[in-house]
């Protein structure tokens, strides 16, 4: 005796569209991953207290809970305003942000007197300020999602954004040193006790302009004049835009005394140009121009000095930091020793000595964390960064318009390049640059700018995965299952 067949409810019978089910499934996955990330942050905080205080206070969970509420609010905004957005972006970034807040709280405990550590307020010190900056950054990201319902709307203001980006870059260079210089780099606007780093926001504005400009000019820039060793090189008269950005990046290097920002601006333009034209020759030209300019600045620093001297000093420290281990090379030497002390598995969260490392809360936070979680832990953090970059590139591949492809690809590469620059600096792969580690380092400008970057990627990925409407059949989201016709085994095949 066989049981009667039970009819399977189809979208038509339940009244629920496939797109709605898909959006709900992605947001539920995002919520689950977000809760997992906050559990990891709470476990990290508990381990820090166990190692520093020899006990776990009843309030150890409060920073993770506060962060969880902030990120839950953003999750609800995404569920409402960008339901088809990539479900892995928010949890991955939330984990990085949470680990950063947890380590800064650990740094506050290390600075406090032993008798005061157990009573140190959860929301005090650098960690407490980073929590407040996180709240502001997430609100800013949510506001951008609410205002920008379509990423293509940015193209309407491309030239305005480009001009604003150039102005933001140049303001610190023209200000007197007392209003703009910190640690020999003119990157800030300082008024009283308030400071902001406008270059962090300039990179987003400039990237939107680059994407718009290259969409309009890519056919011209794709033309080849000659073929050398199997590589098509562009015409000489098409080198103008690259040379202009190269000169601007050198001006940043000279007058703002910052290699990292110079490399970031020039690198994101050249890579966006490569994405637009698919010409490897642009990458080669970009590398030749940048390294040629850096070497020229090094030679001028050794002979002329002046504005080139800061870069020359950084290069000398990079070449041999142990020549002056207690003077100019002290920070890099301490960073290398800290990473070496961590070994493979680290001293455990709360088991290191972060107060011995200069600027551990900003420039060298990756080394400070590495002492406590070791090479394996740092590799896990780099994998999380790699995941964010990969999801951004996936959104660039899936989105249907050229502007969105260049914008998302450029944003993802910019984030990856910033991580490479700071990790390469503290590991002596490249000269120190003074860049902050995205989402980990203390500071409001970097945190807000990078959360805005994530908001744009969320908006682009939502547009890429959203089914096409307007009277025609919905397009199958990239990577999704084949469409079914009312539960029938028939599939719609599109070219």
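Computed from the coordinates by the stated procedures, all read-outs in this text should not be read as laboratory data. Keep in mind that what you see is a predicted model, and the values were worked out from it rather than measured. Heads up, the Cβs are rebuilt from the backbone with ideal geometry, glycines too, and the neighbour counts pull from every protein chain shown.
Quick one: 255, 194, fewest Cβ neighbours within 10 Å first, how do they rank? Write out the running numbers ahead of the final one.
On the way: 255 14, 194 8.
Fewest to most other Cβ atoms nearby, the residues stand as 194, 255.
Label reach from residue 146 (point 7 Å along Cα→C-beta): in the stretch 436-470, amide nitrogens under 17 Å belong to 452, 455-456, 459.
The gain in end-to-end length when the residue 166 to residue 387 segment is fully stretched comes to 76.5 nm, 0.36 nm per residue minus the alpha carbon separation.
Run the numbers for residue 278 and residue 322: contour at 0.36 nm per residue of separation, minus the present Cα-Cα distance, in nm. Mind showing how you got there, number by number?
Values: separation 44, 0.36 × 44 = 15.84 nm, distance 4.26 nm.
Gain in length upon complete extension: 11.6 nm.
Residues within the reach of a label modelled at residue 36 (point 7 angstrom out along Cα to beta-carbon, backbone nitrogen below 17 Å), restricted to the stretch 85-110, are 86-99. (i) 26.0, 111; (ii) 24.7, 96; (iii) 31.0, 95: which one is Rg and Dmax of the Cα atoms in Å as calculated from this entry? Checked against the structure: label (ii). Its DSSP H runs of at least 4 residues, each contributing -39,500 (n - 2.57), put the calculated 222 nm mean residue ellipticity of the chain at -22000 deg cm²/dmol, to the nearest 500. Highest mean packing comes first when the peptides 163-172, 150-159 are listed by Cβ atoms within 10 Å, giving 163-172, 150-159.
Cβ crowding within 10 Å ranks 341, 433 as 341, 433, fewest other Cβ atoms first. Between residue 222 and residue 347, the modelled label-to-label distance comes to 5.5 nm, taking each label 7 Å out from Cα in the direction of the beta carbon. May I ask you to list the residues of the stretch 393-416 whose amide nitrogen lies under 16 Å from a point 7 Å from Cα along the Cα→beta-carbon direction of residue 153? Within reach of a label on residue 153: 404. Averaging sequence separations of C-alpha pairs under 8 Å and six or more residues apart, then dividing by the length of the chain, give the relative contact order as a whole percent. Relative contact order, the chain: 19 percent.
To the nearest Å, what is the center-to-center distance of the stretch 397-464 and the stretch 323-343, using C-alpha atoms only? Answer, in whole Å: 27.
Computed from label points 7 Å out along Cα-Cβ, the spacing between residue 182 and residue 288 is 3.9 nm.
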